[in-house]
Amino acid sequence: MVSINLLKGQRHDDRRARRRSKLELFAGLCVLAGVWALWGWVAVDVRHTTQRLEQEMQAKQARVALLQKTNQAVLTLEKQQQAMISERNRLKALTSDLAKPIHLLSMISRVVAPLDVWLLHLQAKDVKITLSGIARSLEDVLKLAKEFEKTDMLGRVDVVDAEPHVQEPDLFQFSMNLFMDSTDHGRQNS
């Protein structure tokens with residue numbers, strides 16, 4: 001007859017079940033430890049990423065503040081530049097009329113030959129200049145008028161009067177009108 005020991009099999013099954021439960025517990029603990037390690041790694045990575053992003057944000061805010069400060073400085077400099085340009089234009093407008101008499105006298109001093117012609121009177125108003133003086137001859141008066149016409153500053157030249165001097169008949173008294181070079185130089189004051 002065959003005898004079966006039922007207790008031995010149950011004991012063997014109990015051992016197997018305990019071993020399996022221990023292995024399942026160990027596997028569960030390993031999975032739990034893995035999840036815990038993964039969560040810790042993610043938390044550390046998130047913390048490092050957050051710190052890095054905060055540093056980048058602070059650096060960008062510092063750059064923005066610097067750009068705003070630079071922009072304000074540029075705007076201030078542009079305002080100062082505009083003020084200086086307007087002041088320069090205002091000064092140029094005020095002094096441009098002052099330069100005309102100097103240029104006129106300089107031009108007259110280059111044209112007049114001091115050994116042949118002596119100026120006694122000079123009057124300038126707007127575009128008309130009236131000269132009067134004494135010359136050694138009538139040819140010197142005409143030569144002076146031609147020299148004035150050659151200049152780039154003057155336009156038309158009108159000799160108004162040229163006659164012998166009352167006290168010195170060898171000399172000639174003259175008077176002439178010069179007009180500054182412009183499109184209407186003879187129309188305003190002729």
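Please treat every number below as a calculation from the coordinates, not as lab data. Everything quoted here is computed from the prediction, not taken from an experiment. Every residue, glycine among them, receives a Cβ derived from its backbone with ideal geometry; neighbour counts consider all protein chains shown.
Taken about its Cα centre, the chain carries a charge dipole of about 3580 debye when Lys and Arg each add +1 at the Cβ and Asp and Glu each add -1 at the Cβ. Spherically averaged projected area of the convex hull of Cα atoms, region 112-180: 4.3 nm².
Between the Cα long axis of helix 6-111 and the first principal axis of the chain there is an angle of about 0°, rounded to the nearest 10. Listed by chain and number, the aspartates and glutamates placed with their C-alpha closer than 20 angstrom to that of K143 are D116, D152, D158, D161, E163, D170, D181; residues fewer than eight positions away on the same chain are left out.
Using only side-chain charges placed at the Cβ, +1 for Lys and Arg and -1 for Asp and Glu, the dipole size of region 112-180 relative to its Cα centre rounds to 240 debye. Considered as an equivalent ellipsoid built on the Cα gyration tensor, the chain has semi-axes of 120, 14, 12 Å, the largest given first.
Computed from Cα atoms, the angle from the helix 138-150 axis to the main principal axis of the chain rounds to 10 degrees.
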